[in-house]
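Trainee: Please see the structure below; I have some questions.
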Amino acid sequence: MNLQTLNRSSAAGIGVLIVSVIFAVLSVAVKLLATAPAIDADRDAARAKALTEIRTAEIASLNYGGWVDQSRGIVRLPIATAEQLAAQAWQNPSSARADLTARAEKAAAPAPKAPEKPSAFE
């Protein structure tokens, strides 16, 4: 191998190295300097608001009583009250099981049919 060939290959290697460094520097500069606005910025705010509303409703439903289905007589109890009632009911397991079965059948029963609207011709 002669000296001229060695110098050409060294120059080519150094040239590739310099081009790679310039490319890397330009890539980092573009990444840091060119910022695009968030596409979903307003959507994030709407989701955060909806999540807050959902969590507030969940906390209210867990800690306060209310009607689940008033026509069937199904209510929602606060957790502490439900735990106390369950502890009292399960002192006698056979009657608690029978009561639980009766309440499950009542909750699963079809809703009563709404009264029919009278005919306009009657």
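The numbers here are math on the coordinates, done by the rules we state, and not lab data. Predicted model only: the values in this text are computed from it and were never measured. FYI the Cβ positions are ideal-geometry reconstructions off the backbone, even for glycines, and counts take in every protein chain you see.
Trainee: Within the stretch 63-108, which residues are at positive phi and part of a helix (DSSP H, G or I)?
Mentor: Correct list: empty.
Trainee: When you go through Ile39, Ile59 one by one, which is the residue that is without any contact (Cβ under 8 Å) to a residue 24 or more places away in the chain, of a type outside the set (S, T, N, Q), assigned to a helix (DSSP H, G or I) and over 30 Å from Pro115 (Cβ atoms)?
Mentor: On inspection, the qualifying residue turns out to be Ile59.
Trainee: A follow-up question, please. Is it true that Lys31 is surrounded by fewer than 10 Cβ atoms within 10 Å (Cβ to Cβ) and either basic (Lys, Arg) or in contact (Cβ under 8 Å) with a residue 24 or more places away in the chain (or both)?
Mentor: Against the criterion (surrounded by fewer than 10 Cβ atoms within 10 Å (Cβ to Cβ) and either basic (Lys, Arg) or in contact (Cβ under 8 Å) with a residue 24 or more places away in the chain (or both)), Lys31 qualifies.
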